[in-house]
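Peer 1: Structure incoming, see below.
The values are calculated or read from the model by the stated rules, or taken from the named source; none is laboratory data. Here the structure is a predicted model, which means the values were calculated and not measured. Methodologically, a virtual Cβ is constructed for each residue, glycine included, from the backbone with ideal geometry; neighbour enumeration extends over all protein chains shown.
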């Protein structure tokens, strides 16, 4: 049982620490101090649900359906391009994130809806969390313990990212820093979208 837990912990940690759209979104929200803890919790809950679903059957279902994989892929491309364009627009503005923060915070509902979209419309979440983590977990002696370990890694990472970035916000509260971050987010999302288009 403990071996399955540790396996899940390390597999999830190795995937989740890589820079991706979900991490970039949590980082940006944390630097804004805009509902960053609820955003982190949303990411953790979604990861746990998707990992559990993958381990207990969804991974094999997705792997067998070209239609589901194609829908996930092109829906993700559309969302990533839209979000990247928004980030690029902020990066090119004089105010960027810092000015947007002064202009008014978004509602919690709007931020959490964006967090759900970044998580659930990103095909890499399904490829990593459902297919890879799920297929490996299905082979474990204790699949439930494996899911618990994988979810633990997700919880530690996202909460640490949210709290750590929020603590650094006062030192990073310069317009140039915000524009640089938005440009980085835009480039990352355009890059992921291009990878998906190329297959």
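Peer 1: State whether the residues of the stretch 135-153 include one that is under 18 Å from the mean Cα position of the chain (by Cα) and under 23 Å from residue 67 (Cα atoms).
Peer 2: No: the stretch 135-153 contains no residue that is under 18 Å from the mean Cα position of the chain (by Cα) and under 23 Å from residue 67 (Cα atoms).
Peer 1: Right, here's the next one. In the stretch 89-105, what residues are part of a loop (DSSP other than H, G, I, E, B) and either under 23 Å from residue 37 (Cβ atoms) or modelled with pLDDT of 80 or more (or both)?
Peer 2: Across the stretch 89-105, the qualifying residues are 104, 105.
Peer 1: Could you look through the stretch 137-146, keep only residues that are buried (at least 19 other Cβ atoms within 10 Å of the Cβ) and at pLDDT below 85, and pick out the one that is nearest to residue 52 (Cα to Cα)?
Peer 2: Only one residue tops the list, namely 137.
Peer 1: Also, I was wondering about something else. For the stretch 19-77, list the helices (runs of 4 or more DSSP H) that sit wholly inside it and hold at least 1 residues that are within 21 Å of residue 183 (Cβ to Cβ) and either at pLDDT 85 or above or under 15 Å from the mean Cα position of the chain (by Cα) (or both); which are they?
Peer 2: Fully inside the stretch 19-77 and qualifying: 21-32, 36-53.
Peer 1: Here is a further query. Failed condition for residue 114, given (1) farther than 26 Å from residue 137 by Cα; (2) at pLDDT 80 or above; (3) crowded, with 20+ Cβ neighbours inside 10 Å, with all others met?
Peer 2: So residue 114 meets the others, but not (3).
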